[in-house]
Every structure is written in C-alpha cells, then in structure tokens.
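What follows is a short report on a single structure.
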C-alpha cells in the first residue's frame, strides 16, 4: 500500500488537565511510547484557555488510535480524555 492508498488522517480527542506549556510537554512525553507501540504519528495539543484542550493525532487511515491506551497514558500526568 502506498501513500495514496493509505493517506494520513487525523483524529481529535478532547482532553481535560492540559492547559499550560508544561502540561502539554508532560502529556506529549506520556504519549510518546504509546504512539510508538500503536504505530501512530504526530500529536499536538490546541490549548484555548478553556478546561478542555484538543489533542490532534496524525496517523495512517489504516491505523485506529486506541482511545483506552491514550487515556491511560494521559492519566499518568493527571489528564483525561473526555469525549
């Protein structure tokens, strides 16, 4: 399968407990190993000042992000998936 047959897509999760730059760094570090194991690509947070930040996960369309694994990793730094 080449890039055109398995394009990069993104999945978004709402996350509580990530509001500052340091919390973003901690959350991304917690996700690092999980992403490697699950074959996921890049992650980024959009923090808007509300209680809920958006976590954007880039991945090939053939790979499904494991919500439970992501939630467990985030819980180690005091954050939680809320959607």
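The values are calculated or read from the model by the stated rules, or taken from the named source; none is laboratory data. Quick caveat, the model's predicted, so the values are computed rather than measured. Please note: Cβ atoms are built from the backbone with ideal geometry, for glycine as well, and neighbour counts cover all protein chains shown.
So here's what we get for this one:
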{"quantity": "Subset of the range 65-79 (residues that are more than 11 Å from residue 11 (Cα to Cα) and in contact with a helix residue (DSSP H, G or I) (Cβ under 9 Å, 6 or more places away or on another chain))", "calculated": "69, 70, 72, 73, 74, 75, 76, 77, 78, 79"}
{"quantity": "The range 65-83 - residue that is in a helix (DSSP H, G or I) and touching a strand residue (DSSP E or B) at 6+ places or on another chain (Cβ under 8 Å) and, of those, farthest from residue 30 (Cα to Cα)", "calculated": "67"}
{"quantity": "Residue that is nearest to residue 58 (Cα to Cα), among those in the range 1-16 that are in a loop (DSSP other than H, G, I, E, B) and out of contact with any strand residue (DSSP E or B) (no Cβ under 6 Å at 6 or more places or on another chain)", "calculated": "7"}
{"quantity": "Residues of the range 1-45 classified as without any contact (Cβ under 8 Å) to a residue 24 or more places away in the chain, more than 11 Å from the chain's Cα centre (by Cα) and surrounded by 12 or more Cβ atoms within 10 Å (Cβ to Cβ), total", "calculated": "1"}
{"quantity": "Candidate set from the range 21-64 (those that are closer than 18 Å to residue 82 by Cβ, out of contact with any helix residue (DSSP H, G or I) (no Cβ under 8 Å at 6 or more places or on another chain) and part of a loop (DSSP other than H, G, I, E, B)); member that is modelled with the lowest pLDDT", "calculated": "49"}
{"quantity": "Pick from the range 47-64, criterion in contact with a strand residue (DSSP E or B) (Cβ under 7 Å, 6 or more places away or on another chain) and closer than 22 Å to residue 7 by Cβ, ranking: surrounded by the most Cβ atoms within 10 Å (Cβ to Cβ)", "calculated": "55"}
